[in-house]
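The values are calculated or read from the model by the stated rules, or taken from the named source; none is laboratory data. Because the structure is a prediction, the values reported are computed rather than measured. Cβ: placed from backbone, ideal geometry, glycine included. Neighbour counts: every protein chain shown. Note: areas computed on protein heavy atoms with side chains; ligands, DNA, RNA excluded. Shrake-Rupley method; radii C 1.70, N 1.55, O 1.52, S 1.80 Å.
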Amino acid sequence: MSVKKGRVFSGARPTGRQHIGNYFGAISNYVKLQEQYECVYCIVDLHALTTMETTQDLAKNTLEMAWDWLSAGIDPQKSIIFVQSMVRQVTELHTILSMVTPLGKLTDLPTFKDKVRENPKNVNYGLVGYPVLMAADIVLYRADMVPVGVDQSPHIEFTRETVRSFNYRYNTNVLIEPKIKLTEFPKIMGIDGVNKMSKSLNNDIEIAATAEETSAKVMQMVTDPARLRRSDPGNPDVCNVFSMHKIFSTPEQVEMVNTECRRAGIGCVDCKKMMAANMNAYFAPLREKRREYEKDPSATWDMLREGAKRASVLAEETMVEVRKAVGLPSLLKE
Ligand code: ADP
């Protein structure tokens, strides 16, 4: 077996079926990195509790997300895939890291302010501590690299600062500062063309949607707002469908759309039809694989439990060192 270059960690909340933003912002890197790195991928259900009103869909959404990950090519033989709450050490580390975290730093984060704006009636203690739990996740597995979309960059910077504070306070180097790893497409826009693609904004296209559902969503995509009639020339530079062509279409098609849109040689409907067809062709193999996983939910849960066992070993190794650095007593007699 080849020696791996380092450790990668990433997590995402169990939001159910994943969308194109998740896929091109994060999952595609998860898949690539597992060839060269030791990868740990986590479905962060405890994080999900910070914004949830009910947990009745939690298990279902965990499974849906795991199926998307697996069918996208995350391989449990190569990577550790598990559910956050199955490895208890993360909550212990979260508590310890919270002691080196100034409260103001958390409430100043743009991600926290967004969440407050989205849901002003549910600003709970856990929500404020969301980045501390995320930092705990990353450093518990001693990750060097964290593949995420660009929206997560403040959290990675926060994690780096937390590592420095902890190591300084306890005069140790037990925790590692991770680096962010972005894809070529770190921010995919939603079908509204103005906001980041996101489930909560209902502007997403799920990677596992049917071909018909996908085409219907693509048809709703907002294009150049200045192009009112078919005969008007359009501007691909401000059109989100064109951005998607750059992902899903051949260079020749991208070139053709770029030229023809500007001189009204192609209309938005035909342009979208072409893109939807390419998108469906791209995701067809993934969708087929997913149908196989869907047949056996208990096999997926077994895989997640197995992943958690492997992750727990890594987590406990770190916690032994952390407890020692902090001066907390060990359960084991030394
Ligand atoms: P979480 O908030 O738990 O990270 P999300 O579902 O918002 O859950 O995101 C999961 C991953 O997908 C993260 O790495 C995030 O940065 C990335 N991501 C989410 N939306 C987009 C998007 N529109 N473009 C690029 N990356 C995205």
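Data overview
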read-out: Within a Gaussian network of the chain (alpha carbon springs, distance under 10 Å), most fluctuating of Gly11, Gly267, Gly149; value: Gly267
read-out: Average accessible surface area per residue within the chain, 1.4 Å rolling probe, Å²; value: 50
read-out: Under 5 Å, built H, 5+ apart or other chain: amide partners of Cys39; value: Val8, Ile80
read-out: Rel. contact order, % - alpha carbon contacts under 8 angstrom, at least six apart, the chain; value: 23
read-out: Loop sites in the stretch 148-237: GluC sites (Glu not before Pro), DSSP, at most 10 other Cβ within 10 Å; value: Glu184
read-out: Accessible area of the chain belonging to carbon and sulfur atoms, whole % at 1.4 Å probe; value: 54
read-out: Hydrodynamic radius by Kirkwood, which averages 1/r over all alpha carbon pairs of the stretch 8-109, in angstrom; value: 14.9
read-out: 3J(HN,Hα) from dihedral phi, the stretch 98-115, Karplus parametrisation 6.51/-1.76/1.60, rounded to Hz, x for glycine, proline; value: 5, 6, 10, 10, x, 4, x, 5, 6, 6, 7, 5, x, 5, 5, 4, 4, 5
read-out: Integer Hz, Karplus 6.51/-1.76/1.60 couplings in order for the stretch 211-228, x for Gly and Pro; value: 4, 5, 4, 4, 4, 4, 5, 4, 4, 7, 5, 6, 10, 4, x, 7, 8, 8
read-out: The stretch 50-142: trypsin sites (Lys or Arg not before Pro) in DSSP loop, at most 10 other beta carbons within 10 Å; value: Lys121
read-out: Candidate residues Thr183, Thr107: accessible-area rank, largest first, probe 1.4 Å; value: Thr107, Thr183
read-out: Once the Cα gyration tensor of the chain is diagonalised, semi-axes √(5λ) in Å; value: 39, 22, 18
read-out: Under 5 Å, built H, 5+ apart or other chain: amide partners of Val83; value: Ile43, Ala308
read-out: GluC sites (Glu not before Pro) restricted to the stretch 1-77 and DSSP loop, no more than 13 other C-beta within 10 Å; value: Glu35, Glu53
read-out: Farthest toward positive dipole pole in the chain [+1 Lys/Arg, -1 Asp/Glu at C-beta], among Thr159, Val100, Cys261; value: Val100
read-out: Which of Ser231, Ser215 is most accessible, then next, and so on - probe 1.4 Å; value: Ser231, Ser215
read-out: Lysines whose Cα lies under 21 Å from that of Lys115, excluding same-chain neighbours fewer than 8 positions away; value: Lys105, Lys187, Lys196, Lys199
read-out: Net dipole in debye of the chain [+1 Lys, Arg Cβ; -1 Asp, Glu Cβ; about Cα centre; nearest 20]; value: 400
read-out: Cα-centred dipole magnitude for the stretch 211-291, charges only on beta-carbon of K, R (+1) and D, E (-1), debye, nearest 20; value: 240
read-out: P(r) histogram, all alpha-carbon pairs of the stretch 211-291 included - 10 Å bins from 0, percent; value: 19, 51, 23, 6, 1
read-out: Phi-based couplings in Hz for the stretch 24-37 (Karplus 6.51, -1.76, 1.60; Gly and Pro marked x); value: 7, x, 9, 4, 4, 6, 3, 5, 4, 5, 5, 6, 10, 10
read-out: Euclidean distance between Cα centres, the stretch 87-144 to the stretch 319-334, Å; value: 23
read-out: Dipole of the stretch 211-291, positive direction: furthest Cα of Ala277, Ala226, Thr214, with charges on the beta-carbon; value: Thr214
read-out: Cα-Cα over 29 Å, subset of Lys32/Lys60; Lys32/Lys113; Lys78/Lys289; value: Lys32/Lys113
read-out: Positive-pole candidate from Thr183, Gln84, Val139, dipole of the chain, charges at beta carbon; value: Val139
read-out: Along principal axes, Cα extents of the stretch 56-139, largest first, whole Å; value: 42, 28, 22
